[in-house]
Every structure is written in C-alpha cells, then in structure tokens.
Amino acid sequence: NLLACAMGPRIRGIGSAAGGLRKTTIDGYMCNTPAAGVLYSGENDTTNPADRKDDMGFQMGVLGARDRLLSSNGCDLTAVETYADNPVCQIWKKGCESNPVLYCVGPGDGHENGSKFNVPNKTFWDIWSALR
C-alpha cells in the first residue's frame, strides 16, 4: 500500500495481508495513483482489524486501503462480484478494467503465528498476470 502511494505510476499492482494506510501517509504522498490491488484480511484479526480507525475516525485498516484503490482506480462501486475462484473474495473491475481490486476476508483468521491464509498464491498471480 505504501509503495503504491510513494512510487505512484511505477507500481502496477499491490498485494497485502492485513495492511492499511495511515492518514499522514496518504496526505504526505497524495495517494491518488491507480494500481491494481489484492487485499486480504482475517475476520477475527484483532491486532490489525480491517475496520481499524484512528483517533480522528480515519479508516486506516484494510478497508481504507481498499477504498482508496477503488476511488483512485475509478471502479464502479456498485459492480462488485464474488470472485469465481475463491468465495471469500470480492472483485471490482467495472470502470477499472486495467486496475481491478480484489478484497478477501478469510473466515476465522487472526493475525498471530499459526493463522491460516485463505487466499492461495494462485489468486494473487491470476490477478497480476492478467495486467497489461
């Protein structure tokens, strides 16, 4: 997420597990550059929950990073689909065909050692290898 903000158009796509962005990062880098994204969060992650907000109410969890990409990429927010290869994932690609955003929520996953990552590497590769 940080690389997509800091490096702008040099970054074609990103992938993160339980990653978000702080408001100071977004403001400092003026994060509005499109990039395809594969974002993952565990529904039971209490260390870095997807819906994590700072003291001012800014969304700094995975949902904030996802929403930043959806906006920067020009995705049609109403055109979300269940990802065919993995039912824990949703994909936005209408309006942002060149920069799709895949968001996955793993059932039961926490953030500590031993947590299971419910999105195989193939899911990341399928999105990234289709980018032109």
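Here are some notes:
- Lysines with Cα under 29 Å of residue 122, excluding same-chain neighbours fewer than 8 positions away: 93, 94
- Simple label model, 7 Å out from Cα along Cβ direction - residue 124 to residue 43, nm: 2.3 nm
- Summed residue charge, Cβ within 10 Å of residue 93's Cβ, Lys/Arg positive, Asp/Glu negative: -2
- Spacing of the two label points (7 Å from each Cα toward its C-beta) at residue 51 and residue 79, in nm: 2.8 nm
- Filtered trypsin sites (Lys or Arg not before Pro), region 1-55: DSSP coil and at most 15 other beta carbons within 10 Å: 12, 22
- Computed from the Kirkwood radius of its Cα pairs, the Stokes-Einstein diffusion coefficient for region 70-111 at 10 °C and 1.306 mPa s stands at 146 µm²/s.
- The calculated 222 nm mean residue ellipticity attributable to helices in the chain amounts to -7000 deg cm²/dmol, summing -39500 (n - 2.57) over DSSP H runs of n ≥ 4 and dividing by all residues.
- Coarse-grained scattering of the chain at q = 0.20 Å⁻¹, given as base-10 log I(q)/I(0) from a Debye sum over alpha-carbon atoms: -1.20
- When a 1.4 Å probe is rolled over the protein heavy atoms, the share of accessible surface on the chain that falls to carbon and sulfur comes to 53 percent.
- Projecting the Cα atoms of 59, 15, 46 onto the charge dipole of the chain (Cβ charges, centred on the Cα centre) puts 15 farthest toward the positive pole.
- Using θ = phi - 60° and Karplus 6.51 cos²θ - 1.76 cosθ + 1.60, couplings along region 53-70 (whole Hz; Gly, Pro as x): 10, 7, 4, 8, x, 6, 6, 10, x, 4, 4, x, 5, 4, 5, 5, 5, 4
- Highest mean packing first, where packing is the average number of other Cβ atoms within 10 Å per residue, the peptides 77-86, 28-37 line up as 28-37, 77-86.
- Where region 1-128 is the region considered: accessible area per residue in Å², 1.4 Å probe: 54 Å²
- Take 61-74, 94-107 and order them by the average number of nearby Cβ atoms within 10 Å per residue, most first; the result is 61-74, 94-107.
The values are calculated or read from the model by the stated rules, or taken from the named source; none is laboratory data. As the structure is a prediction and not an experimental result, all values here were calculated from the model. Here Cβ is always computed from backbone atoms with ideal geometry, including for glycine, and neighbour counts include all displayed protein chains. SASA here: full protein model, heavy atoms, side chains in, ligands and nucleic acids out. Shrake-Rupley method; radii C 1.70, N 1.55, O 1.52, S 1.80 Å.
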